[in-house]
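The values are calculated or read from the model by the stated rules, or taken from the named source; none is laboratory data. Computed from a prediction, not measured in an experiment: that's the story for all the values here. Positions of Cβ are generated from backbone atoms using ideal geometry, with glycine treated the same way; all protein chains shown enter the neighbour counts. The area values use the complete protein model at the heavy-atom level, side chains included, leaving out ligands, DNA and RNA. Shrake-Rupley method; radii C 1.70, N 1.55, O 1.52, S 1.80 Å.
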Amino acid sequence: MPDDWTRALAIAAHPDDMEFGAAGAVAAWTAAGKSVSYLLVSRGEAGIDGMRPEEATKIREDEQRASARIVGVDEVEFLDYVDGTIEYGLTLRRDLAAAIRRHRPELIITFNHRESTFTGKWNSPDHRNTGLAVLDAVGDAGNRWIFTDLGTDPWTGVRHVAVAGSPEPTHAVDISKTIDTAVASVEAHAAYLKGLGLPPGAARGPLESFAAGTGERFGGRPAIPFELVNV
Ligand SMILES: [Zn+2]
């Protein structure tokens with residue numbers, strides 16, 4: 001995984017997307033002194049079957065902030081799109097380009113934009129639409145003649161875009177020192193995990209076996225995989 005960057009912006013559709021894909025890598029990067037900020041397109045309010053969205057909104061936001069703090073991320077922003085109905089389009093591209101111009105990251109992290117998940121299931125429209133808009137917004141952010149009304153300077157400094165949760169990973173980050181932190185960041189989504197019917201402690205096993213399986217393919221140590229996209 002490239003190391004020639006100091007500022008990253010992670011953009012995902014929902015609270016918990018980073019934790020199920022990339023938080024162990026984020027913990028390794030922040031421990032090494034790099035800066036990572038999170039931008040969530042929605043507050044994940046449609047993610048708990050037994051809880052109405054108006055109640056879930058604040059809980060999901062609080063759990064995401066706590067989870068981010070565990071892996072060394074202090075800045076968490078929300079765009080307030082409606083969970084479950086995030087559409088690909090100019091509105092989303094514009095909001096994401098604005099965020100990229102504001103944060104000026106060298107690395108963008110996002111979540112799987114492809115049709116399938118890494119387990120072969122059909123991917124959620126929120127993930128597909130957000131991921132595609134992120135990939136497009138990197139170019140938008142660098143072109144001063146696109147979204148001129150934002151009143152922001154273009155940012156052409158994005159060197160890498162890393163997609164977590166992709167079925168086609170190309171790189172990986174060693175999380176042998178941060179796996180406990182990664183587990184804790186998943187467990188910070190306590191109400192969400194409870195809503196899925198998962199008992200406390202259920203996150204560790206799947207995360208460890210996923211990291212071990214990734215390690216078998218990339219370098220031999222527990223790792224989190226990413227697909228690097230040339231944008
Ligand atoms: Zn999600």
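If you scan segment 44-58, which residues turn out to be among the charged types (D, E, K, R), in a loop (DSSP other than H, G, I, E, B) and out of contact with any Lys or Arg (no Cβ under 7 Å at 6 or more places or on another chain)?
Answer for segment 44-58, where residues must be among the charged types (D, E, K, R), in a loop (DSSP other than H, G, I, E, B) and out of contact with any Lys or Arg (no Cβ under 7 Å at 6 or more places or on another chain): Asp49, Arg52.
Checking Val41 against (1) in contact with a Lys or Arg (Cβ under 9 Å, 6 or more places away or on another chain); (2) within 16 Å of the ligand (Cβ to nearest atom); (3) not in a loop (DSSP other than H, G, I, E, B), which single condition isn't satisfied?
(1)
When the residues of segment 65-104 are filtered to those that are β-branched (Val, Ile, Thr) and open to solvent by 50 Å² or more (accessible area, probe 1.4 Å), which remaining residue is nearest to Leu132 (Cα to Cα)?
Filtering first and then ranking leaves Thr91.
Quick check on segment 137-151: of everything there that is more than 16 Å from the chain's Cα centre (by Cα) and assigned to a helix (DSSP H, G or I), which residue is surrounded by the fewest Cβ atoms within 10 Å (Cβ to Cβ)?
Asp149
With (1) open to solvent by 20 Å² or more (accessible area, probe 1.4 Å); (2) in contact with a Leu (Cβ under 9 Å, 6 or more places away or on another chain) as the list, and Ala133 as the residue in question, which single condition is left unmet?
So the condition that Ala133 fails would be (1).
Is one or more of the residues making up segment 196-209 among the hydroxyl-bearing types (Ser, Thr, Tyr) and either farther than 17 Å from Phe20 by Cβ or within 18 Å of the chain's Cα centre (by Cα) (or both)?
So far as segment 196-209 goes, no, none of its residues is among the hydroxyl-bearing types (Ser, Thr, Tyr) and either farther than 17 Å from Phe20 by Cβ or within 18 Å of the chain's Cα centre (by Cα) (or both).
Note down all Cβ pairs under 7 Å where the first residue falls in segment 1-21 and is on the phi > 0 side of the Ramachandran plot, the second is part of a helix (DSSP H, G or I), and they're at least six residues apart or on different chains.
Final answer for the pair search is Asp16/Tyr192.
Just wondering, is there one or more residues in segment 196-207 that are touching a residue at least 24 places away in the same chain (Cβ under 8 Å) and either open to solvent by 40 Å² or more (accessible area, probe 1.4 Å) or touching a Cys at 6+ places or on another chain (Cβ under 7 Å) (or both)?
Checked segment 196-207: no residue is touching a residue at least 24 places away in the same chain (Cβ under 8 Å) and either open to solvent by 40 Å² or more (accessible area, probe 1.4 Å) or touching a Cys at 6+ places or on another chain (Cβ under 7 Å) (or both).
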